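The block underneath contains the structure these notes are about, expressed in structure tokens.
The values are calculated or read from the model by the stated rules, or taken from the named source; none is laboratory data. Bear in mind the structure is a predicted one, so any value in this text is a computation, not a measurement. Neighbour counts are summed over all protein chains in view; Cβ atoms, including those assigned to glycine, are modelled from backbone coordinates with ideal geometry. Side chains are part of the model used for accessible areas, which takes the heavy atoms of the whole protein and leaves out ligands, DNA and RNA. Shrake-Rupley method; radii C 1.70, N 1.55, O 1.52, S 1.80 Å.
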Amino acid sequence: QAISLINTRDTRAIEDGIEVGELLDDWPENEADLASLKKRALGDESIVGRVVSADGNYAMVLIRTQMLSEKESSKVYAAIREVCAKHKGDGFAPLTTGVPSFAVSLNDMTEQEVIKFGSLAFILLYGVLFILFRHPLGVVGPGFSIMLAIIWVYALMAHLGITLNYLT
């Protein structure tokens, strides 16, 4: 489900009662129509703060999905980011926000940092082993044991369905 200016309900008072439609039933064709639409949207308390900011500089598109797995949520987020990037232009910069967006971004960042800091940790590990033992066997033996333990932990996590995230 998506909520935006396009499908926002517009309830207007008319002589005989009320008229219910959508805010963009009639698309603005020129600057005057656009200014009129902005004035009408900013005058509607049910729209301001919900779909458009009080100053009229920001509008929101809310996308609701069913419960998704972490992998599915990541795919949806990537598709939304792709659409946002495609429509970015001068004076228009679509942004993504919210808990699902934050969670996917945090998981992506965590995966990148695990690779970066994991590599750094291995370099430091081998450096310390070399300083302590000063012999190739003193470096290779313990280093191999540690790498084997890490591989087993990752394999067990994969077998149990535990995903790699910022806690694990």
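Quick look at the numbers
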item: Lone unmet requirement of (1) farther than 30 Å from residue 164 by Cβ; (2) touching a residue at least 12 places away in the same chain (Cβ under 8 Å); (3) among the charged types (D, E, K, R) for residue 29; result: (2)
item: First in region 101-113 and within 14 Å of residue 168 (Cα to Cα), second anywhere and part of a helix (DSSP H, G or I), Cβ under 8 Å, 6 or more apart; result: 107/70; 107/74; 108/74
item: Residue check for residue 148: open to solvent by 90 Å² or more (accessible area, probe 1.4 Å), assigned to a helix (DSSP H, G or I) and aliphatic (A, V, I, L, M); result: no
item: Residue list for region 82-121, restricted to those being open to solvent by less than 80 Å² (accessible area, probe 1.4 Å) and in a loop (DSSP other than H, G, I, E, B); result: 93, 94, 96, 98
item: Unmet requirement for residue 21, which otherwise passes all of (1) open to solvent by 60 Å² or more (accessible area, probe 1.4 Å); (2) more than 23 Å from residue 55 (Cβ to Cβ); result: (1)
item: Selection count where residues are among the charged types (D, E, K, R), under 28 Å from the mean Cα position of the chain (by Cα) and in a helix (DSSP H, G or I), scope region 28-77; result: 4
item: Residue list for region 129-153, filter: touching a residue at least 12 places away in the same chain (Cβ under 8 Å) and among the small types (Gly, Ala, Ser); result: 143
item: First in region 1-23 and without any contact (Cβ under 8 Å) to a residue 40 or more places away in the chain and farther than 17 Å from residue 38 by Cα, second anywhere and open to solvent by less than 90 Å² (accessible area, probe 1.4 Å) and of a type outside the set (Ser, Thr, Tyr), Cβ under 6 Å, 6 or more apart; result: 19/12
item: Top-ranked residue in region 41-58 [being out of contact with any helix residue (DSSP H, G or I) (no Cβ under 8 Å at 6 or more places or on another chain) and open to solvent by 70 Å² or more (accessible area, probe 1.4 Å); ranked as nearest to residue 1 (Cα to Cα)]; result: 50
item: Pick from region 59-75, criterion touching a residue at least 12 places away in the same chain (Cβ under 8 Å) and within 17 Å of residue 109 (Cα to Cα), ranking: surrounded by the fewest Cβ atoms within 10 Å (Cβ to Cβ); result: 70
item: Residue, modelled with the highest pLDDT, within region 1-18, restricted to residues that are farther than 30 Å from residue 68 by Cα and open to solvent by less than 80 Å² (accessible area, probe 1.4 Å); result: 17
item: Single residue of region 155-168 satisfying the filter (in a helix (DSSP H, G or I) and exposed (fewer than 13 other Cβ atoms within 10 Å of the Cβ)) that is nearest to the chain's Cα centre (by Cα); result: 158
